[in-house]
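Working notes, structure below.
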Amino acid sequence: MTIKPDAPERRFMFRAIREARRNFARPDGGPFGACIVKDGRIVATARNTVLRNDATCHAEVNAIRKASKRLGTFDLTGCEIYSTTEPCPMCFGAIHWARIVTVYYGAGIRDAAKAGFHELRISNAQMKALGRSKIRLVPGFMRAECLELFESWLILPGRKLY
């Protein structure tokens, strides 16, 4: 899939990146952000807040919670999610159950593991195939920009890995 430099998809991923960067000033979680879009409009953005003592507060789950509240439904059919990193199995499951149509992600699960995060190394493509999910995957989207989040995180004083 070729996406033009001025495509709206880039703007949505930049919003996810901006959310992730919020954890550089106040580290409530790792360098992970997500943005949910419906009909070309941003419905929700969120960052990882695991360090507030809830292991389920990944950026994607937080964004799904916000989008569901805003739209008044669990069913996010027609929505797309932009995630700075390939969703973990928990997040992929939540995305599937929320009926999100497309997942754009930058860095991969292996990149998060290299940065020291405790990742299960099963890819979204594997989960999609095993679960016969209809989610459309757009891997490696703006990968360089998303990898930069890990590079910046690794030199951040006081960062916490989990």
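With unit charges on the beta carbons (Lys and Arg positive, Asp and Glu negative) and the dipole taken about the Cα centre of the chain, which residue among ASN48, ILE122, GLY106 sits farthest to the positive side?
My answer, from the dipole projection, is ASN48.
Of the heavy-atom accessible surface of the chain (probe 1.4 angstrom), what whole percent is carbon and sulfur? Before the final figure, lay out each step's value.
On the way: 4580 of 8500 Å².
Summing carbon and sulfur atoms, their accessible area is 54 percent of the total for the chain.
Can you give the local net charge around HIS58? Use residues other than it whose beta-carbon is closer than 11 angstrom to its beta-carbon, Lys and Arg +1, Asp and Glu -1. It would help to have the intermediate numbers written out before the result.
Numbers: positive: ARG47, ARG65; negative: ASP54, GLU60.
Neighbour charge sum, excluding HIS58 itself: 0.
Compute a Gaussian network model of the chain, connecting alpha carbons closer than 10 Å, and tell me which residue from LEU137, LEU149, LEU71 fluctuates the most.
LEU71
Please report the relative contact order for the chain, taking Cα pairs under 8 Å with a sequence separation of at least 6, and give it as a percent rounded to a whole number.
Result for the chain is 20 percent.
Give me the 1.4 Å probe accessible area per residue for the chain, excluding ligands and nucleic acids, in Å².
Ligands and nucleic acids excluded, the result is 52 Å² per residue.
Please compute, for the alpha-carbon atoms of the chain, the extent along each of the three principal axes and give them in descending order in Å.
40, 35, 31
Rounded if a/c is under 1.5, else prolate if a/b beats b/c, else oblate: with a ≥ b ≥ c from the C-alpha gyration tensor eigenvalues square-rooted, which is region 5-68?
Oblate is the answer for region 5-68, as a/c is 1.5 or above yet b/c matches or exceeds a/b.
Let a ≥ b ≥ c be the square roots of the eigenvalues of the Cα gyration tensor of region 83-162; is it rounded (a/c under 1.5), or, if not, prolate (a/b larger than b/c) or oblate?
Numbers: a/c = 2.43, a/b = 1.84, b/c = 1.32.
Since a/c reaches 1.5 and a/b is larger than b/c, the shape of region 83-162 is classed as prolate.
Please work out whether region 48-113 counts as rounded, prolate or oblate from its C-alpha gyration tensor, where a ≥ b ≥ c are the square roots of the eigenvalues and a/c under 1.5 means rounded, while otherwise a/b larger than b/c means prolate and anything else oblate?
Since a/c reaches 1.5 but b/c is at least a/b, the shape of region 48-113 is classed as oblate.
The values are calculated or read from the model by the stated rules, or taken from the named source; none is laboratory data. Remember, predicted model here, so these are calculated numbers, not experimental data. Cβ atoms come from the backbone with ideal geometry, glycine included; neighbour counts cover every protein chain shown. We work out accessible area using only protein heavy atoms, side chains counted, and drop any ligands, DNA or RNA first. Shrake-Rupley method; radii C 1.70, N 1.55, O 1.52, S 1.80 Å.
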